[in-house]
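The structure appears below as structure tokens.
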Amino acid sequence: QVQLVESGGGVVQPGGSLRLSCAASGSGFSLYAMGWYRQAPGKQRDLVARITRVGTEVFDDSVKGRFTISRDNAKNTVYLQMNSLKPEDTAVYYCQATRMGNTYWGLGTQVTVSS
């Protein structure tokens, strides 16, 4: 089992940047596929970016070219670097870990993009 804690959210102006971090506790972090999802008020939770244990990356079309995902297995941490932020990126961002049919979620961190 793994526990996930997100950090790095906040309020930023349009065009700004934030870096989210997701720290994992428990064993076997390097064996998990890690993802970032987001949920805006009244909307479903959607995939933003995902990175497999071998480093394959997937991005939602809405963030391609603006967001990057990376992982540091030595630190049990996955990052989401968000650049050129837009008001429509405002949401609660959740970290997800998956392995062998098991899925774990963090509690989320709020990102607000507003002038």
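The values are calculated or read from the model by the stated rules, or taken from the named source; none is laboratory data. As the structure is a computational prediction, the values presented were derived from the model and not from experiment. Counting neighbours? That spans all protein chains shown, and the Cβs are built from the backbone with ideal geometry, glycine included. These area figures cover heavy atoms from the full protein model, side chains too; ligands, DNA and RNA do not enter into them. Shrake-Rupley method; radii C 1.70, N 1.55, O 1.52, S 1.80 Å.
With respect to the stated conditions, residue 71 is crowded, with 21+ Cβ neighbours inside 10 Å and basic (Lys, Arg).
Among the criteria (1) surrounded by fewer than 13 Cβ atoms within 10 Å (Cβ to Cβ); (2) modelled with pLDDT of 95 or more, the one residue 100 does not fulfil is (2). Listed by first and then second residue, the pairs with beta-carbon distance under 8 Å, at least 6 apart or on different chains, first residue in the range 77-104 and closer than 23 Å to residue 52 by Cβ and free of Cβ contacts under 8 Å to residues at least 24 places away in the same chain, second open to solvent by less than 70 Å² (accessible area, probe 1.4 Å) and in a strand (DSSP E or B), are 103/96; 103/97.
If you go through the range 28-58 and pick out every residue that is of a type in the set (Val, Ile, Thr) and in a strand (DSSP E or B), you end up with 3.
Contact annotation: residue pairs with Cβ atoms under 6 Å, 6 or more positions apart or on different chains, pairing a residue in the range 17-45 that is open to solvent by less than 30 Å² (accessible area, probe 1.4 Å) with a partner that is among the β-branched types (Val, Ile, Thr) and not in a strand (DSSP E or B), are 24/2; 33/52. Of all residues in the range 1-16, those that are open to solvent by 40 Å² or more (accessible area, probe 1.4 Å), outside any loop (DSSP other than H, G, I, E, B) and more than 18 Å from residue 107 (Cβ to Cβ) total 1.
Scanning the range 85-109 for residues that are in a helix (DSSP H, G or I) and either of a type in the set (Lys, Arg) or under 14 Å from the mean Cα position of the chain (by Cα) (or both) returns a single hit, 89.
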